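Notes for the one structure printed next.
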Amino acid sequence: MTSAVRRDESNLYELVENFFRATFSTDNPLITEAVRRMLAAGGKRLRPRITLLAAAACGDDPARHLHLAAYMELIHVATLIHDDVVDNAPTRRGVNATAVDFGNRVSVLAGDYLFAWIFKNVTAGYPHPVPNILSATLADICDGEVLQLQALGDLGVRLDDYVEIARKKTASLFSASAACGAIMGGGSGAQIEAMRAFGDLYGIAFQMNDDLLDMIADERSLGKPVGNDLTERKMTVPVILALQAGKREFSDMVARFYAGPDNGGIPSVVAAIAREGGLDGTRREIARYVKRAKAALEPLPPNAAKEELGHLADALAAP
């Protein structure tokens with residue numbers, strides 16, 4: 001990565017962080033505090049960065065679109081607040097989940113309020129089709145979460161089923177972030193479609209990478225317990241690919257674990273997934289989607305923002 005690209009990307013991150021510190025506030029002090037705590041816990045701010053990079057890749061000044069980028073991160077934050085209630089999660093990004101500090105009722109209402117507050121501002125300040133894209137995205141996220149709940153512990157889930165869930169619950173917001181950035185950045189139809197496709201493919205690779213890290217990373221870097229997906233009986237890519245090997249002994253092991261999860265059994269399940277090729281297979285799937293995401297950028301003119309988008313995709317293939 002060139003020093004110029006690193007500097008530009010770092011500046012975008014700081015622009016987003018400074019914007020949140022100086023500007024974010026809602027009409028409800030309790031909700032503002034809850035959201036600020038979540039924001040203060042950190043995060044890579046990938047969705048707003050992709051929005052700003054998309055605008056820059058289309059030739060515009062990304063600093064003009066900080067509000068839009070911030071809304072993308074706040075949609076993500078609202079979904080995390082709701083997720084932690086649904087999953088009964090004790091921590092998020094290494095700190096207490098919002099529900100731990102504020103309770104489930106306040107957390108659900110905070111997430112609902114944040115969604116409404118975002119859309120009030122988006123519909124008032126942005127032209128068609130930006131509000132339509134974001135409303136459709138929120139519907140997709142909710143649909144994807146329900147599909148994932150329905151698939152819990154179902155050893156018959158196929159890779160195609162997984163991709164549909166990942167596309168809705170995770171990739172849809174990346175896709176919206178990229179497309180809306182390109183729209184507001186004055187991109188052509190081909191450039192907007194290129195960014196939309198990049199966000200979709202990047203988001204699927206991102207979710208696969210998240211599944212992999214859940215099994216191979218440490219709790220400090222994850223900001224949540226290792227093996228949490230297994231404990232929650234989620235059908236992640238490593239599990240699905242390992243089951244495709246077709247060994248009855250392994251499928252029986254997973255079925256027993258999902259029937260009565262024991263945290264002490266997670267290392268043995270992960271080791272079995274690795275033996276059945278689930279971890280290496282996940283790495284190959286991530287690499288495949290990363291390659292497709294980078295290819296989707298082809299209609300964009302050569303510039304530092306386009307280069308940085310490619311580097312963001314490459315970073316997913318590292319684990």
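The values are calculated or read from the model by the stated rules, or taken from the named source; none is laboratory data. Computed from a predicted structure; not experimentally measured. In this analysis, Cβ positions are derived from the backbone assuming ideal geometry, glycine residues included, and neighbour counts consider all displayed protein chains.
ARG196 meets all of the listed conditions (1) of a type outside the set (Val, Ile, Thr); (2) surrounded by fewer than 23 Cβ atoms within 10 Å (Cβ to Cβ); (3) within 26 Å of ASP83 (Cα to Cα); (4) out of contact with any Ser or Thr (no Cβ under 6 Å at 6 or more places or on another chain) but one, namely (4). Of all the numbered requirements in (1) surrounded by 22 or more Cβ atoms within 10 Å (Cβ to Cβ); (2) part of a helix (DSSP H, G or I), GLY187 misses one, and that requirement is (2). Per the listing VAL290, VAL254, the residue uniquely β-branched (Val, Ile, Thr), within 23 Å of LYS44 (Cα to Cα) and assigned to a helix (DSSP H, G or I) is VAL290. Count of the range 274-314 residues, restricted to those that are farther than 27 Å from LEU52 by Cβ and among the small types (Gly, Ala, Ser), is 4.
Restricting attention to the range 86-127, the residues being in a helix (DSSP H, G or I), crowded, with 19+ Cβ neighbours inside 10 Å and either of a type in the set (A, V, I, L, M) or touching a Cys at 6+ places or on another chain (Cβ under 6 Å) (or both) number 5. Listed by position, the helices (runs of 4 or more DSSP H) enclosed by the range 1-65 that each have at least 3 residues that are at pLDDT below 80 are 3-23.
Here ALA179, ALA217 are screened, and the one residue that is under 24 Å from THR91 (Cβ atoms) and of a type in the set (Gly, Ala, Ser) is ALA217.
Scan the range 157-173 and give yes if some residue there is at pLDDT 95 or above, outside any helix (DSSP H, G or I) and farther than 19 Å from ASP87 by Cα, otherwise no. Checked the range 157-173: at least one residue is at pLDDT 95 or above, outside any helix (DSSP H, G or I) and farther than 19 Å from ASP87 by Cα. For the range 71-111, a residue qualifies if it is basic (Lys, Arg) and without any contact (Cβ under 8 Å) to a residue 24 or more places away in the chain, and exactly one does: ARG105.
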